[in-house]
Amino acid sequence: MEAMQISAKQVMELRQASGMPMMQCKKALLEAEGDFEKAMESLRKQGLKTAEKRQGRATGDGLLAVRISDDAKTGTMVLVLCETEPVKNTPKFIEYVEKLADVADQNGITDLETLGAADLGGGETAESELKNLVGLIGENMQLGGIARFTVDGDGVVGAYIHNDKKQGALVALTGGGDADTAKEVCQHIVFAKPTALNRDEIAQEDVDKELAFLRDQIAEDESMKNKPEQALEGILQGRLNKNFFGSRVLNEQGWYREDSKKVAKVLEERGSAIQAFKYFAPGA
């Protein structure tokens, strides 16, 4: 029996549709006797088997997408994680992330569970379509993060995505905020990586652990032995403020363009304040 002939055009069409390597596409078409849909399903199953083996692998890369309303009163940002940069730059992955951002924005979605269940059309949810993508590409992928902010009055929502496309920030400003200031705040967030807006957002348990560490540090410092208790307490609080709160609390961080000024002071001078923020990065 004569072997079935598969044209280069058929292979290329399957590659464009699936994102899989040329030789795998040709093999799938041969096994499916030229049936495009059967070949696609075969590639999907092959990819899922590969993805199952890689399920526990670290997703150290990813891609961000953002949507800001025309009046800058609402903004949505999403992060989808993957393993490697080449996958992040594939058209199918980019298309998926952009579609996800549209759906999240249009439906006012604010959490990953709701996002995963969102209808992307064609009978697929965000989660099921991501699994299909994993099957086709064969690399571990996950929904990584979402944030959506809305402001009233003179406030604005702004965003910044770093040139690596996987780090970014979304911020909501109140008062006399403007788009440039919002972008600058987001750039600061990506640079300084705060974990809280104000002190009361940091768990007391974490503060207590830091205090215990600082007390031990001071107790072991020979230069502190003869200092009065009141002076030691002042040193303790100073280190807590500068090294602990000053590195974690956004409003208390030194402004990335002028470290001598706190973020809150810079915004106060511009007649604005931060209502909410979200820093995005794999593992953040």
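Could you please let me know if Thr195 is on the phi < 0 side of the Ramachandran plot and open to solvent by 60 Å² or more (accessible area, probe 1.4 Å)?
So Thr195 fits the description; yes.
Quick grid of which residues meet (1) without any contact (Cβ under 8 Å) to a residue 40 or more places away in the chain; (2) touching a Gly at 6+ places or on another chain (Cβ under 9 Å); (3) not charged (D, E, K, R):
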{"site": "Gly175", "(1), (2), (3)": "no, yes, yes"}
{"site": "His188", "(1), (2), (3)": "no, no, yes"}
{"site": "Phe191", "(1), (2), (3)": "no, no, yes"}
{"site": "Pro194", "(1), (2), (3)": "no, no, yes"}
{"site": "Arg215", "(1), (2), (3)": "yes, no, no"}
{"site": "Asn226", "(1), (2), (3)": "yes, no, yes"}
{"site": "Glu233", "(1), (2), (3)": "yes, no, no"}
{"site": "Tyr256", "(1), (2), (3)": "no, no, yes"}
{"site": "Ala264", "(1), (2), (3)": "yes, no, yes"}
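Only one of these conditions is not met by Thr125: (1) open to solvent by 30 Å² or more (accessible area, probe 1.4 Å); (2) of a type in the set (Val, Ile, Thr); (3) over 27 Å from Lys45 (Cα atoms). Which number is it?
(3)
So, in region 35-63, exactly how many residues are over 14 Å from Leu130 (Cβ atoms), modelled with pLDDT under 85 and small (Gly, Ala, Ser)?
Matching residues across region 35-63 total 3.
So which residues in region 198-223 are assigned to a helix (DSSP H, G or I) and surrounded by 14 or more Cβ atoms within 10 Å (Cβ to Cβ), if there are any at all?
Arg199, Val207, Glu210, Leu211, Leu214, Ile218
In region 8-24, how many residues are at pLDDT 85 or above, out of contact with any Gly (no Cβ under 9 Å at 6 or more places or on another chain) and surrounded by 11 or more Cβ atoms within 10 Å (Cβ to Cβ)?
3
Can we say Val263 is farther than 30 Å from Thr59 by Cα and more than 25 Å from the chain's Cα centre (by Cα)?
No.
Kindly provide the set of residues from region 224-263 that are of a type in the set (D, E, K, R) and not in a helix (DSSP H, G or I), ordered by number.
Across region 224-263, the qualifying residues are Lys225, Lys227, Arg257, Glu258, Asp259, Lys261, Lys262.
Which ranges mark the helices (runs of 4 or more DSSP H) fully within region 31-146 that have 1 or more residues being under 19 Å from the mean Cα position of the chain (by Cα)?
85-88, 91-106, 112-116, 126-137
Taking the condition of being within 12 Å of the chain's Cα centre (by Cα) and among the charged types (D, E, K, R), how many residues in region 147-176 meet it?
Residues in region 147-176 being within 12 Å of the chain's Cα centre (by Cα) and among the charged types (D, E, K, R): 3 in total.
What single numbered condition from (1) more than 20 Å from Ala147 (Cβ to Cβ); (2) in contact with a Lys or Arg (Cβ under 9 Å, 6 or more places away or on another chain) fails to hold for Ile189?
Going through the list (1) more than 20 Å from Ala147 (Cβ to Cβ); (2) in contact with a Lys or Arg (Cβ under 9 Å, 6 or more places away or on another chain), Ile189 breaks only (1).
The values are calculated or read from the model by the stated rules, or taken from the named source; none is laboratory data. Since the structure is predicted, the reported quantities are computational estimates derived from the model, not experimental observations. Virtual Cβ from ideal backbone geometry, glycine too; neighbours counted across all protein chains shown. Calculation scope for accessible area: heavy atoms of the full protein, side chains included, ligands and nucleic acids excluded. Shrake-Rupley method; radii C 1.70, N 1.55, O 1.52, S 1.80 Å.
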